[in-house]
1. Against the condition assigned by TED's automatic domain parsing to the domain that holds residue 108, more than 18 Å from residue 125 (Cβ to Cβ), touching a strand residue (DSSP E or B) at 6+ places or on another chain (Cβ under 9 Å) and not in a helix (DSSP H, G or I), how does residue 211 come out, does it pass?
2. Report, by residue number, each residue of the stretch 173-191 that is surrounded by fewer than 18 Cβ atoms within 10 Å (Cβ to Cβ) and either assigned to a strand (DSSP E or B) or not assigned by TED's automatic domain parsing to the domain that holds residue 127 (or both).
3. Which condition number does residue 154 fail, the rest of (1) modelled with pLDDT under 95; (2) assigned to a loop (DSSP other than H, G, I, E, B); (3) touching a strand residue (DSSP E or B) at 6+ places or on another chain (Cβ under 8 Å) being met?
4. Any residue in the stretch 192-203 that is modelled with pLDDT under 95, over 17 Å from residue 236 (Cβ atoms), out of contact with any strand residue (DSSP E or B) (no Cβ under 8 Å at 6 or more places or on another chain) and in a strand (DSSP E or B)?
5. Report, by residue number, each residue of the stretch 35-57 that is farther than 17 Å from residue 134 by Cβ and touching a residue at least 24 places away in the same chain (Cβ under 8 Å).
6. If I filter the stretch 3-23 down to residues being at pLDDT 85 or above and assigned to a loop (DSSP other than H, G, I, E, B), which single residue comes out as surrounded by the most Cβ atoms within 10 Å (Cβ to Cβ)?
7. Quick one: residue 216 ticks every box in (1) under 21 Å from residue 79 (Cα atoms); (2) at pLDDT below 95 bar one, so which box is it?
8. Return yes when residue 192 is closer than 17 Å to residue 101 by Cβ and in contact with a helix residue (DSSP H, G or I) (Cβ under 7 Å, 6 or more places away or on another chain) and no when it is not.
């Protein structure tokens, strides 16, 4: 991956934030205080970087590093601005395909979805800035390195990405088991963004109502739903089938 995905020590973390680095999260040992920590907290808040406190034992694994009770975790990839990603894809693709993930918190599911996305020709992945699984070493491993072949953007609020996609001529297809429409009955051979939600809560209602179409996979038997990565894969392959 080219660089260490962690920064150790309060001063080093602060300097990274000041240099424009945007960590996935910052972990601080309980009981720490002082001017450096205050500055870190202020900059983390300003840059929407999650900061959490943990007991000393959580830092035992970093005993060989001079962590001083502060560790920042960097993303494994360079994220794009969502507007730049959408503009760059729409300008060259006649029928672009985007993937939006709402509230997906499991890194292995994210890695599996990214691997399938690359295999099915997704042009760009858009994630919310907060409340989503990070793209870290586990994600990279589960994706079999596919994450490095996919353009990924982050957006403070997915509704902003949805509005921008729609204004760019891209329709939003939301995957929800509550829909009456089967994915196999819809025309998906068009500029499209597939919106997937978390396994537990699904797509947030405020996003669901913004979608242009709502789709479900037909189910047999007494199991109500699929693993989100499996469901996403089935839907992406149906989109690919129609495009061919």
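1. Taking the combined requirement at face value, the residue does not satisfy it.
2. 182
3. (2)
4. yes
5. 36, 37, 39, 40, 43, 53, 55, 56
6. Of everything passing the filter in the stretch 3-23, 23 is surrounded by the most Cβ atoms within 10 Å (Cβ to Cβ).
7. Result: residue 216 passes all but (1).
8. It is true that residue 192 is closer than 17 Å to residue 101 by Cβ and in contact with a helix residue (DSSP H, G or I) (Cβ under 7 Å, 6 or more places away or on another chain).
The values are calculated or read from the model by the stated rules, or taken from the named source; none is laboratory data. Here the structure is a predicted model, which means the values were calculated and not measured. Please note: Cβ atoms are built from the backbone with ideal geometry, for glycine as well, and neighbour counts cover all protein chains shown.
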